[in-house]
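Data block below; observations after.
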Amino acid sequence: MKDETAELIQIINRSINFHVIPNILVPCPVQYCDFIQSIIQIKDCDNAIENDGSRDVWGKFNGENFRLKIIKG
């Protein structure tokens, strides 16, 4: 779990630092959104279901805006 958390933090930091929306391939996007909110404990975080079934996730991490696309894969 520590490795997954560290990897997620790196991805979020990439989104913040480079103003990009990284794609994250996971078996279950809904569970991964829960992981983002529970493990990282991001307070300002929300998500929406896209037409293709992926999740658009956005929020603040350490006071900075980030955005991710969670894709079933």
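Values quoted throughout were computed directly from the atomic coordinates according to the rules given, and no laboratory measurement underlies them. Nothing here was measured: the structure is a model prediction, and the numbers come from that model. Ideal geometry is used to build each Cβ from the backbone, glycine not excepted, and the neighbour counts take in all protein chains shown.
Observations
- √(5λ) per eigenvalue of the Cα gyration tensor, the stretch 8-73, largest first, Å: 18, 13, 10
- Taking the chain and dividing mean pair separation by its residue count, relative contact order in percent (alpha carbons under 8 Å, at least six apart): 37
- Residue 13 versus residue 48: modelled label distance in nm, points set 7 Å from Cα along the beta carbon direction: 3.0
- Total lysine pairs under 21 Å (Cα atoms) in the stretch 2-72, excluding pairs fewer than 8 apart on one chain: 5
- Sum of side-chain charges, residue 22 neighbourhood, beta-carbon under 9 Å (Lys, Arg +1; Asp, Glu -1): +3
- Built amide H within the under 5 Å cut-off of residue 50, gap 5+: 55, 56
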